[in-house]
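Student: The following block contains the structure, expressed as structure tokens.
Please treat every number below as a calculation from the coordinates, not as lab data. These numbers come from a predicted model, not from an experiment. All Cβ positions, even for glycine, are placed from backbone atoms using ideal geometry, and neighbour counts span all protein chains on display.
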Amino acid sequence: MCQECGCNKKSEAGINGTYPHAHDHDPDHPHSHEHGHGHEHEPNHEPDQEHRTIDVNEAILDQNDRLAERNRGFFKAKGLLVLNVLSSPGSGKTTFLQKTIEALKGRLRVGVIVGDLATENDAIRLRSTGAPAVQINTGTMCHLEAEMVAKAASQLKLDDLDLLIIENVGNLVCPASFDLGEDLRVVLLSVTEGEDKPLKYPPLFHSAHVAVVSKIDLAAATEFNRDLALGNLRQLSPKAVIFEVSAKTGQGMEPWCAFLVKRHQELKNA
Amino acid sequence: MHEVGIMQNTLSMALKQAQASGATQVHELRMRIGAMSGVVPDALTFAFEVLRKDTLAAEAKLEIETVPASCWCARCQTEFPVPDLIYECPQCHEPSVELRRGLELELVSIEVS
Ligand SMILES: Nc1nc2c(ncn2[C@@H]2O[C@H](COP(=O)(O)OP(=O)(O)OP(=O)(O)O)[C@@H](O)[C@H]2O)c(=O)[nH]1
Ligand SMILES: [Mg+2]
Ligand SMILES: [Zn+2]
């Protein structure tokens, strides 16, 4: 369990610095009375008398999944290609997206939703490309949920966009379980964080449609073992298309951008 | 990790069902958790012990059935286990993209009175 991330706290996300639900619905009110003490003598009902089993058989993330499906239908109707971009903190998501938006100018109109626990820094960096960007501050929550994305998307003029990029909170664990309604899950793995990252976080890597090896300009300096990393990605992310890029030098950016243009075209023709 | 949030959703679902059926006490919750669900059963149990206080499930047990991951090979038309999370068909060595089992995160049933 994660004390730090406080995933249990709902709807405290703020959009572009405003917190619509600033009140805290905190269930942890102090317990003045204690339960489970001194129950040696059971009350008069016979134990097991009316025990019965109710079959539920429901998926737990059902509510998020339903909202995600709604997002997906809505985005599809608008002809938007939607990416959910995930990685460890600092793998280079924001830099990579800035370069992607710039390289796509004249080809795809891009809007961004970016999630961080705090600050609007990433949105400001992304807006510097000229693209509209909405910041979601998740407070203590370590992932984005479909509902937050729906709210943030309502602040963008989606009809003027072709590509909606969602930069998730830097985290390789929790975001794996939360569908946002995206078409493609894009997972970044920077050459500075070790070839075995995919082995350590199988659920997230397994769900990837695209795996991006980032910061390849640093590969030599960090003695990055490319074959090993690509081998791990092929095994752990069997459905992923793999790109190798440096946002700093621009190396490898064009095949990635061409891929996005093609996927957007396919979506429009479908 | 988000076991607390998951447990909270699970407990709400259980309590809603219990109340709808007119029960006054929940004795047991049964969950099914896949090996690839990203959820740690021990963390769920810990969260459960905290969250159940002051609810109809205050004295309930949590039973967790874990489901190992398995994949489907379209070429060989077989399901194969992936204990080490390597998704390669043992017969034809093709990587499989179809996870048949292991993503479960379900409330199976509750026992009430
Ligand atoms: N050498 C090199 N550095 C890079 C590259 N891309 C990003 N960086 C650096 O890596 C650091 C983190 O980059 P960000 O783009 O902020 O990473 P992020 O994944 O968005 O980080 P969070 O949103 O905090 O999780 C910054 O210092 C970047 O300058 C790259 O291609 N090459
Ligand atoms: Mg960032
Ligand atoms: Zn096979």
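Student: Which of the residue pairs A:K197/A:K262; A:K78/A:K99; A:K78/A:K268; A:K215/A:K248; A:K99/A:K248; A:K76/A:K262 have a Cα-Cα distance greater than 18 Å in the structure shown?
Tutor: A:K197/A:K262; A:K78/A:K99
Student: Going by the alpha-carbon gyration tensor, a ≥ b ≥ c the square roots of its eigenvalues, is chain B rounded (a/c under 1.5) or, if a/c is not under 1.5, prolate (a/b greater than b/c) versus oblate?
Tutor: Values: a/c = 3.81, a/b = 2.58, b/c = 1.48.
Verdict is prolate for chain B.
Student: Could I ask something else about it? In debye to the nearest 20, how big a dipole does the protein assembly as shown give about its Cα centre with +1 on each Lys and Arg Cβ and -1 on each Asp and Glu Cβ? Please report the intermediate quantities before stating the final value.
Tutor: Details: 37 positive and 54 negative charges, 458 e Å.
Dipole of the protein assembly as shown, to the nearest 20 debye: 2200 debye.
Student: Under a 5 Å amide H to amide H cut-off, with H placed in plane at 1.01 Å, what residues pair with A:E58 once short-range neighbours are removed?
Tutor: B:L107
Student: Now, a different point. Please say if segment A:63-170 is rounded, prolate or oblate, where rounded means a/c under 1.5 for a ≥ b ≥ c the square roots of the C-alpha gyration tensor eigenvalues, and otherwise the choice is prolate for a/b larger than b/c and oblate otherwise?
Tutor: On the way: a/c = 1.72, a/b = 1.02, b/c = 1.68.
Here segment A:63-170 falls in the oblate category.
Student: Right, next: Averaged across the residues of B:4-11, what count of C-beta atoms belonging to other chains lies within 10 Å of each residue's C-beta?
Tutor: Details: counts 8, 15, 5, 3, 6, 8, 3, 0.
That average works out to 6.
Student: Let me ask you something else. Please give the contour-minus-distance gain from A:L228 to A:I54: 0.36 nm per residue of separation, less the Cα-Cα distance, rounded to one decimal in nm. Present the calculation step by step, with values, prior to reporting the outcome.
Tutor: On the way: separation 174, 0.36 × 174 = 62.64 nm, distance 4.94 nm.
Separation in residues times 0.36 nm, less the Cα-Cα distance, equals 57.7 nm.
Student: Determine which residues of segment A:68-94 fall in the zone a paramagnetic label at A:A221 would reach in this model, i.e. backbone nitrogen under 17 Å from the point 7 Å along Cα→Cβ.
Tutor: From segment A:68-94, the list is A:90-93.
Student: Then there's this: Measure off 7 Å from each Cα along the Cα-to-Cβ vector at A:F259 and B:S113, then give the distance between these two points in nanometres to one decimal.
Tutor: 5.9 nm
Student: Sticking with this structure for a sec: With label points built 7 Å along Cα→Cβ from the Cα atoms of A:K151 and B:C76, find their separation and express it in nm.
Tutor: So the two model labels end up 4.8 nm from each other.
Student: Spin-label point model (7 Å from Cα, Cβ direction): what's the A:K78 to A:T192 distance in nm?
Tutor: 3.4 nm
Student: Relative contact order of segment A:79-269: what whole-number percent is it, with Cα pairs under 8 angstrom and at least 6 residues apart? Mind showing how you got there, number by number?
Tutor: On the way: 380 pairs, mean separation 50.4, N = 191.
Worked out over segment A:79-269, it gives 26 percent.
Student: Compute the FRET efficiency between A:R125 and A:I242 as 1/(1 + (r/R0)^6), taking r as their Cβ-Cβ distance and R0 = 30 Å, and round to the nearest 0.05. Could the numbers behind the result be given before it?
Tutor: Working: r = 26 Å, r/R0 = 0.86.
The value I calculate is 0.70.
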